[in-house]
Amino acid sequence: MIDKIEAIRKEVDGAKAENASQVEEFRLKYLSKKGILSALMEEFRNVPSEQKRELGQKLNQLKVFVTEKYNSLKEGAGSGNKLDIASIDLTRTATPMPVGSRHPISIVRNDIIKIFSDMGFSVAEGPEIEDDWHVFSSLNFPADHPARDMQDTFFITRNPIEVLLRTHTSSVQTRTMEQNEPPIRIVCPGRVYRNEAISARAHCFFHQIEGLYIDKNVSFADLRQVLLNFARQMFGPETKIRLRPSYFPFTEPSAEMDISCDICGGKGCAFCKETGWVEILGCGMVDPNVLKACGIDPEIYSGYAFGLGIERITNLKYKVKDLRMFSENDVRFLAEFESAR
Ligand code: DAH
């Protein structure tokens, strides 16, 4: 019987299988109920008991050997099989992967930054979680100004210090002026938060870009020319601008800027409420109190600032009617913008 076991071992060692059916043949021949190993087990019952120990060991070793061989044949037939390679069509085009598109707010933010950086402005950023000083006090907000109210501002803590979500990017003005000497020429893009009910026309967060230029002899005429250039690059070379007197605590004088309605060309339509103009931003000459608060001497330096809402500009450019679309992440909406360019 020892000879028989050895002969089977050799046979198994040399066995080959090129495909699944040959592997199955191997299994049937050696490992099935009617296979060679089962027959050997039968024979083993009848061997004299003094040989059982040695033969039993050899039989077990053979069983392990055959099982391992079977497993390796199975693996080989599965992977290296020539038939499988032949059945793969390497010339077939790959399954198209849908590519994401840039968010409309990012597209417009980048466009705005490009226009201002071509005019010499660099980009500055600041934190969204702010303190009262940078959002209000340094910007000349009176202590009882309604913008500080719980209605508008999301406070994180009120005592002992006020920590809040910034309500505008004007806070980055202050941070930059505190840390840098004039000349300063920056635009500050970022997200801002206000405690407002969400509707088609208002949201509790949106995006702004703040602009600031501080140097010697900066005038309102400089501001007007920079904003005119911006409006024409953003909305087309025929665009007209109009500056209306307004009030902001951090600028004096202050103005709001309208552009001629690009739907009716200024004649008046439903979009511009028959006025021919649409408002796009707030601006003005930086109040001397703000310069002082940031350690800049208003006797030597002057400057202008402006702030615009990115959603507002995007709405004007792409006629999006519902502000909520910007944060709902509906890919059908988002995909429209990159291709519209
Ligand atoms: N911070 C103002 C707002 O959130 C926008 C603004 C107006 C910024 C006038 C300015 C400015 O820098 O001069 O409504």
Projected-area mean, the range 207-341, by convex hull of Cα positions, square nanometres: 9.7
Helix-derived mean residue ellipticity, 222 nm - over the chain, DSSP H n ≥ 4, -39500 (n - 2.57), to 500: -12000 deg cm²/dmol
Contour excess over end-to-end distance, with Cα ends at Asn195 and Glu50 and 0.36 nm allotted per residue: 42.9 nm
Fraction in percent of alpha-carbon pairs per bin - 5 Å, the range 126-256: 2, 9, 16, 20, 20, 16, 11, 5, 2, 0, 0
Proximal lysine pairs, the range 190-341, alpha carbons under 20 Å, eight or more residues apart or interchain: 10
Förster-model FRET efficiency, 56 Å R0, Glu125 and Glu75, C-beta, rounded to 0.05: 0.50
Longest to shortest principal axis, alpha-carbon extents of the range 1-151, angstrom: 109, 45, 28
Antiparallel content of DSSP bridges confined to the chain, in %, to 5: 95
Dipole magnitude of the range 88-178 about its Cα centre (Cβ charges: Lys, Arg +1; Asp, Glu -1), debye to nearest 20: 420
Listed residues His145, His168, His203, most fluctuating in the chain (Gaussian network, C-alpha, under 10 Å): His145
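Tell me, what is the FRET efficiency for Lys34 and Gln57 to the nearest 0.05, using R0 = 25 angstrom and their Cβ-Cβ distance as r? Before the final figure, lay out each step's value.
Working: r = 25 Å, r/R0 = 0.98.
It comes out at approximately 0.55.
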Inter-part distance where the range 272-341 and the range 182-198 are each reduced to a Cα centre, Å: 9
Residues whose placed amide H lies under 5 Å from that of Leu281, excluding near-sequence neighbours: Met257
Top positive-direction residue, dipole computed over the chain with Cβ charges, set His103, Cys204, Ile8: Ile8
Fewest-first sequence of Phe65, Phe235 by Cβ atoms within 10 Å of each Cβ: Phe65, Phe235
Degrees separating the helix 220-235 axis from the principal Cα axis of the chain, which is the longest one: 40
Mean shadow area of the range 211-272, taken as a quarter of the surface of its Cα convex hull (nm²): 5.2
Kirkwood-Stokes translational diffusion coefficient of the range 67-166, alpha-carbon pairs, 4 °C, 1.567 mPa s, µm²/s: 62
Anchor Lys29: lysines whose Cα lies under 27 Å away (excluding residues fewer than 8 positions away in-chain): Lys4, Lys10, Lys16, Lys52, Lys58, Lys63, Lys69, Lys74, Lys82
Test item: Cα-centred dipole of the chain, Lys/Arg +1 and Asp/Glu -1 on Cβ, debye: 1600
Extension reserve of the Glu252-Lys10 stretch, reckoned as 0.36 nm per residue once the Cα distance is removed: 77.1 nm
Stokes-Einstein D (µm²/s) once Rh is taken as the Kirkwood radius of the chain over alpha-carbon pairs, at 4 °C in 1.567 mPa s: 49
Residues Phe136, Phe44 arranged by fewest to most Cβ contacts within 10 Å: Phe44, Phe136
Cys with no candidate disulfide partner in the chain (beta-carbon separation under 4.7 Å rule): Cys188, Cys204, Cys283, Cys294
Those GluC sites (Glu not before Pro) in the range 232-341 that DSSP places in a loop and that have at most 10 other beta carbons within 10 Å: Glu238, Glu299
Charge dipole magnitude, Cβ of K and R +1, D and E -1 - the range 1-68, Cα centre, debye nearest 20: 200
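Quick note: the coordinates plus some simple rules give every number you see, no bench work behind them. As the structure is a computational prediction, the values presented were derived from the model and not from experiment. Quick reminder, even Gly has a Cβ in these numbers, built from the backbone with ideal geometry, and neighbours come from all protein chains shown.
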